[in-house]
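Chemist: Take a look at the following structure, please.
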Amino acid sequence: MSKNIIVTGTSRGIGFELVQLFAKAGHNVLALSRNSKPIENLELKKVASLSIDLSEKDDYKKVETFIKSNWNQVDVLINNAGTLLNKPFSETSMEDFEYVYKTNVFGVAEMIRIVQPFMKKNSHVITISSMGGVQGSMKFAGLSAYSSSKAAVITLTELLAEEYKDTGLSFNVLALGAVQTEMLQEAFPGYQAPTTALEMAQYIFDFSLNGNKYYNGKLLQVSNSTP
């Protein structure tokens, strides 16, 4: 049975691969990214693409309007979009922190807030975090804004699972290790990750459709390497 899936950050990497996997499996997909062209160019059936900037409050109205007009219900929301900043802490200004947090934390919270009223029992919210945001994991210089923002959405997920525990919704967070994406190259130039974007997308695809049977309010560390 086809489901209605929303994925953010779909112009490249894991999000780009996820949209194709869901479409191939016959699901309805709303792909959200600042650059909607890569998905539009694929011309996939049952896939709609919207240009959305998660740091712009008014852009969320586009999402709400689309759901009301086309679906009425959302089965899976995958908060995959993220902004990376690699800069020494002494040079990282309040504006830099705000820039990263607007997408990685505030954007995740607002997307969930907008979509949640359209979700029902057994719907699943998955937020993509990073091993850099996991307490006790190895940390890397230059990623103070990025990694701390990824820690914030882990706690947010735990809180939402508690707040909505009587509704049948599930909230889980996946802390990814190194995946061979453009973002990884920005953080660790020249590093070769053991996992491809497609391989990780396949894991997230399966987890989004089935993981809520076994997990709620949980952090799963999806990593076989350091970083």
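The values are calculated or read from the model by the stated rules, or taken from the named source; none is laboratory data. Keep in mind the model is a prediction, meaning the values are calculated, not measured. Glycine gets a Cβ as well: all are built from the backbone with ideal geometry, and neighbour counts include every protein chain shown. For the accessible areas, the whole protein counts, side chains as well, though only heavy atoms, and no ligand, DNA or RNA atoms are used. Shrake-Rupley method; radii C 1.70, N 1.55, O 1.52, S 1.80 Å.
Chemist: List the residue ranges in the chain for DSSP H helices whose C-alpha atoms run 18 angstrom or more along the long axis and whose Kyte-Doolittle average is -1.0 or above. Numbers along the way, then the final one.
Modeler: Numbers: long enough: 144-163 (29 Å, 0.35); 197-210 (20 Å, 0.51).
Membrane-span-like by this rule: 144-163, 197-210.
Chemist: Could you list which residues have their amide H under 5 Å from that of Ile6, counting only those 5 or more apart in sequence or on another chain, with H placed in the peptide plane?
Modeler: Leu30, Val76, Leu77, Ile78
Chemist: Can you compute 3J(HN,Hα) from phi for each residue in region 179-190, using the Karplus curve 6.51 cos²θ - 1.76 cosθ + 1.60 with θ = phi - 60°, rounded to whole Hz and x for Gly and Pro?
Modeler: 10, 6, 10, 4, 5, 4, 5, 5, 7, 10, x, x
Chemist: Cα centroid distance between region 26-99 and region 171-220, in Å?
Modeler: Going from one Cα centre to the other spans 17 Å.
Chemist: Considering only protein heavy atoms and a probe of 1.4 Å, how much of the accessible area of the chain is carbon and sulfur, as a whole percent?
Modeler: Here it works out to 51 percent.
Chemist: Ok, one more. Give a residue-ordered list of calculated ³J(HN,Hα) values for region 58-71 (Karplus: 6.51 cos²θ - 1.76 cosθ + 1.60, θ = phi - 60°; whole Hz; x for Gly, Pro).
Modeler: Along region 58-71, the couplings run 5, 5, 5, 5, 4, 5, 4, 5, 4, 4, 4, 7, 10, 10 Hz.
Chemist: Scaled to the compact-protein estimate 2.2 N^0.38 Å, what is the alpha-carbon radius of gyration of the chain, rounded to two decimal places? Present the calculation step by step, with values, prior to reporting the outcome.
Modeler: Working: Rg = 16.5 Å, N = 227, 2.2 N^0.38 = 17.3 Å.
Its radius of gyration relative to the 2.2 N^0.38 Å reference: 0.95.
Chemist: Once amide H atoms are placed 1.01 Å from N in the peptide plane, what residues at a sequence separation of 5 or more from Ser225, or on another chain, have their amide H within under 5 Å of its amide H?
Modeler: Hits under the 5 Å cutoff: Ala178.
Chemist: Before I look further, what does the chain give for accessible area per residue, probe 1.4 Å, in whole square angstrom?
Modeler: Heavy-atom accessible area per residue stands at 49 Å².
Chemist: Apply the a/c threshold of 1.5 to the C-alpha gyration tensor of region 96-156 and tell me whether it is rounded, prolate or oblate.
Modeler: Values: a/c = 4.14, a/b = 1.78, b/c = 2.33.
Because a/c hits 1.5 or more and a/b fails to exceed b/c, region 96-156 counts as oblate.
Chemist: How far is it, in nm, from the label point at Glu182 to the one at Lys121 when both lie 7 Å from their Cα along the line to the Cβ?
Modeler: For Glu182 paired with Lys121, the spin-label model returns 4.3 nm.
Chemist: Applying the Karplus parametrisation 6.51 cos²θ - 1.76 cosθ + 1.60 with θ = phi - 60° to the phi angles of region 120-129, what ³J(HN,Hα) value in whole Hz is obtained for each residue in order, glycine and proline being reported as x?
Modeler: 10, 3, 6, 6, 9, 10, 10, 10, 8, 10
Chemist: Ser123's amide H: which non-local residues (gap 5+, or another chain) put their own amide H closer than 5 Å, with H modeled 1.01 Å from N in plane and none for Pro or chain starts?
Modeler: Under 5 Å from the amide H of Ser123: Ser170.
Chemist: Quickly estimate the mean residue ellipticity at 222 nm for the chain, helices only: each DSSP H run with n ≥ 4 gives -39500 (n - 2.57), and the total goes over all residues, rounded to 500.
Modeler: Computed mean residue ellipticity for the chain: -10500 deg cm²/dmol.
Chemist: Please list 56-62, 177-183, 138-144, 15-21 highest first by mean number of surrounding beta-carbon atoms within 10 Å per residue.
Modeler: Packing proxy ranking, top to bottom: 15-21, 177-183, 138-144, 56-62.
Chemist: PRE reach from Asp96 (point 7 Å along Cα→Cβ): which of region 116-149 fall under 18 Å by backbone N?
Modeler: Correct set: 133, 139-149.
Chemist: Using a 1.4 Å probe, how large is the accessible area of Leu54, given in Å² and rounded to the nearest 10?
Modeler: Estimated to the nearest 10 Å², Leu54 gives 20 Å².
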